[in-house]
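Below is one structure, written out as structure tokens, with a few remarks after it.
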Amino acid sequence: LTQKTVTPSTEEMEDSLLYVYTADNGAGTALVVVSKGYASDGITMMVGLDTEGQPVGVKVIKNAETPGIGDKVCANEEFHQQVADTIREGGEPDVIAGATKSSNGIIGGVRTAVSIYQTLEREGALA
């Protein structure tokens, strides 16, 4: 992976984007974003995107969600993959009962990464 330096051109990028990485073999891009969950510190995650900007994977890097509730969502890799797959297929991911804000934080982070990717692609920042 090669880290890209980008200048935030939208408020969404300014508020959410931490890092942009591109695969050296051209397989895709990874964006590190912060999304609002239940905790005020947000959920920091890396979202892997294919060459079309569609999500293929999610990894939570850091969170301060409620222990035993929201933090379980952040550690649930099966849920992360379901979110990526459902968004890629154009659907609406389900949330985990009892941890709606944390679930929506993951879902929102993936949607934000897709949106930022589209903006960066339009701007030619990923070339």
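Select from the range 62-74 the residues that are out of contact with any strand residue (DSSP E or B) (no Cβ under 7 Å at 6 or more places or on another chain) and part of a helix (DSSP H, G or I) and write down the one among them that is surrounded by the most Cβ atoms within 10 Å (Cβ to Cβ).
Once the filter is applied, the top-ranked residue is VAL73.
Taking the options ALA127, ALA97, ALA84, name whichever one is part of a loop (DSSP other than H, G, I, E, B), within 26 Å of PRO8 (Cα to Cα) and without any contact (Cβ under 8 Å) to a residue 40 or more places away in the chain. Give the derivation first.
Numbers: ALA97 fails: within 26 Å of PRO8 (Cα to Cα); ALA84 fails: part of a loop (DSSP other than H, G, I, E, B).
None of the others qualify; the one that does is ALA127.
Would it be correct to say that VAL58 is crowded, with 22+ Cβ neighbours inside 10 Å, touching a strand residue (DSSP E or B) at 6+ places or on another chain (Cβ under 9 Å) and free of Cβ contacts under 8 Å to residues at least 60 places away in the same chain?
Criteria met by VAL58.
Select from the range 5-19 the residues that are free of Cβ contacts under 8 Å to residues at least 60 places away in the same chain and either touching a strand residue (DSSP E or B) at 6+ places or on another chain (Cβ under 9 Å) or open to solvent by less than 60 Å² (accessible area, probe 1.4 Å) (or both) and list them in ascending order.
Correct list: THR5, PRO8, ASP15, LEU18, TYR19.
Return yes when GLY48 is within 16 Å of the chain's Cα centre (by Cα), within 16 Å of SER115 (Cβ to Cβ) and without any contact (Cβ under 8 Å) to a residue 40 or more places away in the chain and no when it is not.
So GLY48 passes the test.
Based on this model, can you work out whether ALA27 counts as within 18 Å of TYR117 (Cβ to Cβ) and open to solvent by 20 Å² or more (accessible area, probe 1.4 Å)? So that I can check it myself, show each step before the final result.
Details: within 18 Å of TYR117 (Cβ to Cβ): yes; open to solvent by 20 Å² or more (accessible area, probe 1.4 Å): yes.
Against the criterion (within 18 Å of TYR117 (Cβ to Cβ) and open to solvent by 20 Å² or more (accessible area, probe 1.4 Å)), ALA27 qualifies.
Please state which of the following conditions GLY91 fails to meet, knowing it meets all the rest: (1) out of contact with any Asp or Glu (no Cβ under 8 Å at 6 or more places or on another chain); (2) assigned to a helix (DSSP H, G or I); (3) surrounded by fewer than 17 Cβ atoms within 10 Å (Cβ to Cβ).
Result: GLY91 fails condition (2) only.
Of everything in the range 100-127, what is small (Gly, Ala, Ser) and open to solvent by less than 10 Å² (accessible area, probe 1.4 Å)? Give them in sequence order.
Listed by number, the residues that qualify are SER102, SER103, GLY105, GLY109, ALA113.
Would you mind telling me which numbered condition in (1) closer than 13 Å to TYR38 by Cα; (2) loosely packed, with under 13 Cβ neighbours inside 10 Å; (3) of a type in the set (A, V, I, L, M) ALA97 fails?
Unmet condition: (1).
The values are calculated or read from the model by the stated rules, or taken from the named source; none is laboratory data. Nothing here was measured: the structure is a model prediction, and the numbers come from that model. Please note: Cβ atoms are built from the backbone with ideal geometry, for glycine as well, and neighbour counts cover all protein chains shown. Surface areas here come from the heavy atoms of the whole protein model, side chains and all, with no ligands, DNA or RNA. Shrake-Rupley method; radii C 1.70, N 1.55, O 1.52, S 1.80 Å.
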